[in-house]
Amino acid sequence: MVFDKIKKSFALGGQGAEDYVEIDLGQDKKESKVSVRPFVLKKFEDVNDILNSLREGYTIAVIDIQTLRKKDVIELKRAISKIKKTTEALEGNITGFGENIVIATPAFAQIYLPGTQQSSSNPQNVAQEGSKPRFEAY
């Protein structure tokens, strides 16, 4: 229907210049919300769910690695390496919080790390020398 009107206006050669075609571009409007999803990394295969969520583009993954860390450290390193490569390919960030939590974000989100040059003017956000770091960049 809309295309028929467009074809007719081209067929007339501009004779119906006062006629116009209104196209509603809001029909295919997709609502995109950011979601923060928790994941538990129990085995290496659980990485696939995390990667699929990150590839969707609107998911921040909060990953609990404690179970896999207790089972098999080598599998944990493989899993983190795979998540890191995918996150970097998506131009996102990945950071460890504490010993058991890893956060992976897509490109639109940035993880703030205290002690970096992002906001060194605020003394509360600067990591103190000699203190144990709570954040680990992967």
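The values are calculated or read from the model by the stated rules, or taken from the named source; none is laboratory data. Remember, predicted model here, so these are calculated numbers, not experimental data. Ideal geometry is used to build each Cβ from the backbone, glycine not excepted, and the neighbour counts take in all protein chains shown.
At a glance:
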| quantity | calculated |
| --- | --- |
| Contacts under 7 angstrom Cβ, first residue in the stretch 95-121 being within 18 Å of residue 57 (Cα to Cα), partner in a loop (DSSP other than H, G, I, E, B) and at pLDDT below 75, 6 or more apart | 95/138 |
| One residue from 65, 111, 60, 80 being under 21 Å from the mean Cα position of the chain (by Cα), closer than 15 Å to residue 36 by Cβ and at pLDDT 90 or above | 60 |
